[in-house]
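Since the structure comes first, as structure tokens, the remarks are kept for the end.
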Amino acid sequence: MSFEDKGKAKEYWDENIKLVLTLLSVWAFVSFGCGILFVPFLNEITFMGFKLGFWFAQQGAMYVFLILIAVYVKKANTLDKKYGVDE
């Protein structure tokens, strides 16, 4: 990966870090919030026969993590194309 000037490189990494921090915030909310903090509230709702708080702690968080990976790949590829550093 090569940038023509340092200004473009800084813009690229600023956007990349913003994307990573956004996705990490979702990850933290789902794993810590839905899996630990909000379990009593979420357990009042059933999903596929299970209490929703239990489901998030056991399986739902893993599905969200996989979706976050797919979102990062798509957004990172778009960002690469925007700055002309795609493969």
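Some points to look at:
- Using only side-chain charges placed at the Cβ, +1 for Lys and Arg and -1 for Asp and Glu, the dipole size of the stretch 6-82 relative to its Cα centre rounds to 380 debye.
- The angle between the Cα long axis of helix 6-28 and the longest principal axis of the Cα atoms of the chain comes to about 0 degrees, rounded to the nearest 10.
- Length gained when the stretch ASN77-LEU24 is fully extended (0.36 nm per residue, less Cα-Cα span): 17.3 nm
- Pairs exceeding a 24 Å alpha-carbon distance, out of LYS51/LYS74; LYS18/LYS81; LYS18/LYS82: LYS51/LYS74.
- Here Rg and Dmax of the Cα atoms in Å was computed from the coordinates, and among (1) 17.8, 56; (2) 13.4, 41; (3) 17.9, 61 the match is (1).
- Taking the C-alpha atoms only, the angle from helix 61-82 to the longest principal axis of the chain is near 20 degrees.
- When the charge dipole of the chain is built from unit charges on Cβ atoms (+1 for Lys and Arg, -1 for Asp and Glu) and taken about the Cα centre, the candidate among VAL26, TRP55, TYR83 whose Cα reaches farthest toward its positive end is TRP55.
Read-outs: derived from the displayed coordinates by stated rules, not from any lab. Please read these numbers as outputs of a predicted model, since none were measured by experiment. For neighbour counting, all protein chains shown are included, and Cβ atoms are generated from backbone atoms with ideal geometry for every residue, glycine included.
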